[in-house]
Every structure is written in C-alpha cells, then in structure tokens.
Amino acid sequence: MAWANTGSELEESFVHQFPAIRGIQAGKEYYITMCPLKLVPKLFLFDEQEIPAKLRAQRKVNQSRVPAISNYMINNPQDYVFSAITVSIDGDVFFSSDVNVGQNSKIGTLKIPMTSRFVINDGQHRRAAIEEALKIRPELGNDTISVVIFLDAGLKKSQQMFADLNKHAVQPTKSLGILYDNRDPLSQLAVKLSEKVPIFHGLTEYEKTTISNRSIKFFTLSSIYQATKELIGKESDIESHGDFYEKLAFDYWQEVAENIPDWILLKDKKVSAAELRREFIHSHGIALHALGRVGYSLMEQYPDSWKDKLKGLRQIDWSRSNVEFWDGRAIVGGRINKSHTNLVLTTNALKQSLGIALTNEEQNFENDFLGDRESAHE
C-alpha cells in the first residue's frame, strides 16, 4: 500500500514502525508483528464501557476476569504464554519489503501513522491484564506479544470479525484442562491418582467431562479432581505437603473401591461400565464428589477408624430403583442432577448411612428436604 494524503516528509516521520510479515486472507492484506507489552495499553484501545452494544466492536471487558489473567503473568514471569491479539486500524499504512530478502518479500517493516486508531477485535481481556500486570512487574514491559493487524475494518466489519473469531472457539473440557495443567498441584495429584489407584487406572476419561453410554471408561478426570479436592479440603497446602496428601488420597480411594462391590466386579471385568452407568448411582460424578466430602468428614471425626466406618458403604443400595433413598437427592425427575443442593443431599444420605454427623449447613439442607417431602405427601 502507499501513503494516503502524506503531504510532506514531516508527516511521514510521525509513524509507528513494526517489523512485520505480510499475508493475504480473503483477498485482503493483513500483517503479523510483535509489540512490546509496555506499548500494548497505549496503542490498542477497547471501546468505552458506556457505548451501547450495537455501537461497539466487541463485548464489554469483564473486569472479574482481568485479575486472574494478570496474576497469571505476575506469578509466572518466566513461562507465561499468550496467544496473539487481533486488531484493526482505521488509517493507511505503508509496508516496505526487506531489501536484503527481495523487493517482493513478505518480510519487512510496517509503518502506521500515529493518527491511526487501533481497535481490538479479539484480546481485550489480555490487553487489560497486561496493563495491570505491568504496574506490579514493569520489567515485563520489554516482553513482546504477537499482533495480527487488519486494515480499515469499520464498525460493521469489526463486529463481524469479533463474531467470526469467537464463533468457532471451543473451550477445552475441564478434564483436558486438568490433564495439561502442570502448575496446579491438585491437577497433578488428580492425574497421579488416575494412574495409581487401581479402580481409576484404565477407567478414567481424560478428555471429556461426560462419558458416552458405550464408553469403557467409568470416571472422568474432572470428577476425580473435584472429589479429591473435597477429600483433602479446599485450603490444603498440597504444594508443600504433596506426598502426604497423595498417600492420604490414594489410601482413601482404594478403601472406597474395596467397599463398593460393583466397582470390584468392574475392575475384574465381570461387569461393563455401560451396565453400571445404566443402573447405579455410584457410576456418576455426583457420587464420587459426595464420597470426597464424606472422606473429609471421616478423616476429621474418625482419624483412627475411618476405614472401619467405610465398610458401611457395602450396605448401601446404589441402584437407581432405590427411589426412597435417591429420589430428590441424586435423582430429580428421573435424571441424575448435579446441582449444589443435590450434591449436599447426596452427601447427607451417605453420611447418615455411615453414622457421620452432618455439618450445620448440611443439616439445614436436610431439614428443608424432609420438610418439602413431607408436604408433598400430605
């Protein structure tokens, strides 16, 4: 492209210059460059919050998301990773090819007038987080982030770009996020348990948070994660006492498996995962989650005899046909329900079967549940 309305060499001197690669997409030029983080808040704007949605090029910045992203940068200055920011600009630009490579080279320098306006099409939360992180760690300002630049988009085009960029974006499943999260000690613990606890080994779904009817898998990694989080307590310092919690969790889940006969049959391949999923509550994530909560209370109330207490699991009728026990707790309207209320009520049922005292919160839920059931029978 050539300069438009340059008028003089002086006007050409007021430019931003970026090393860039020129590309073609849908018949139009675009550019990829690297930008120092310290320039990101100054150059790249997001639309003011008070502008109506129809007049903005993207969604409002969700301020609650920003601290988590900025803290990620602050706490991991040596190995944080950001994908590219996508922006559009409303001015003319000039791209000069690198003479050392050739006149028609796609590598060169992109010059953008300082009067041009950059608008973010994708990446406004990263931009806001970078601005906050630099206040705490200004030394990160010399790091760079890749930027994809489109030209003269205009409002309607920018809105369509935002829609297109986000239409096909798919968040990784919870299980896959846990599997690949090497920073979170609880994620690492969940993965270890899935490999070392005999009942989990070979029966854990690592990529999905739900299991299809025909799958040979029985647990999801996300359910093991959630259940173990409840077992060891949300405030536990796993990072400093990893071996202790790993042994505790291993022993607990191993003991639970020994006291659910159907799980033993599954491990011995005498029954299929699909059969158990159709007929029994213990094959669903809500049961594992509730068992994690039960374990926490057992360790707290019976630190020396919790294994003996778990033998009571053998007396529980886990079948879905046990309507009196499960209906309104794990099952609502004939379907498994994973809401917080149902998790608490399922936990209550297990605790009461094992003779474990309920917490005040659990007792309140229980009272409401029994009151509603009594009213329904009147």
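Cβ crowding within 10 Å, taken as a proxy for footprinting-reagent exposure, orders 235, 195, 255 from fewest neighbours to most as 235, 195, 255. In terms of its C-alpha gyration tensor, segment 166-315 has an oblate overall shape, because the principal axis ratio a/c (a ≥ b ≥ c, square roots of the eigenvalues) is not below 1.5 and a/b does not outweigh b/c. Sorting 145, 24 by the number of Cβ atoms found within 10 Å of their own Cβ, with the fewest placed first, yields 24, 145. Of the labelled figures (i) 25.1; (ii) 21.1; (iii) 32.9, only one reflects Kirkwood radius over Cα pairs in Å as derived from the coordinates, namely (i). Taking a ≥ b ≥ c as the square roots of the eigenvalues of the alpha-carbon gyration tensor, segment 197-253 is classed prolate because a/c is 1.5 or more and a/b outweighs b/c. Residue 272 sits among other residues whose Cβ lies under 10 Å from its own Cβ, and their net charge, with Lys and Arg +1 and Asp and Glu -1, is +4.
Basic side chains Lys and Arg get +1 at the Cβ, acidic Asp and Glu get -1 at the Cβ, and with that the dipole of the chain about its Cα centre reaches some 980 debye. Of the trypsin sites (Lys or Arg not before Pro) in segment 249-336, the ones in a loop by DSSP (not H, G, I, E or B) with at most 12 other beta carbons within 10 Å are 269, 270. Here is how the number arises for the chain: DSSP H runs of 4 or more residues each give -39500 (n - 2.57), the sum is divided by the residue count, and the result at 222 nm is -13000 deg cm²/dmol.
Shape call for segment 314-363 from the C-alpha gyration tensor, a ≥ b ≥ c root eigenvalues: rounded (a/c under 1.5), prolate (a/b greater than b/c) or oblate? Judged from the Cα gyration tensor, segment 314-363 comes out oblate (a/c at least 1.5, b/c at or above a/b).
Normalising the average separation of contacting C-alpha pairs (under 8 angstrom, six or more residues apart) by the number of residues puts the relative contact order of the chain at 13 percent. Length available on full extension from residue 116 to residue 171: 0.36 nm per residue minus the Cα-Cα distance, which gives 16.4 nm.
In plain terms, the residue of 126, 373 with the fewest other Cβ atoms within 10 Å comes first and the most crowded comes last, giving 373, 126.
Values in this text are rule-based calculations from the coordinates and carry no lab data. Quick caveat, the model's predicted, so the values are computed rather than measured. Positions of Cβ are backbone-derived with ideal geometry, glycine not excepted, and every protein chain shown enters the neighbour counts.
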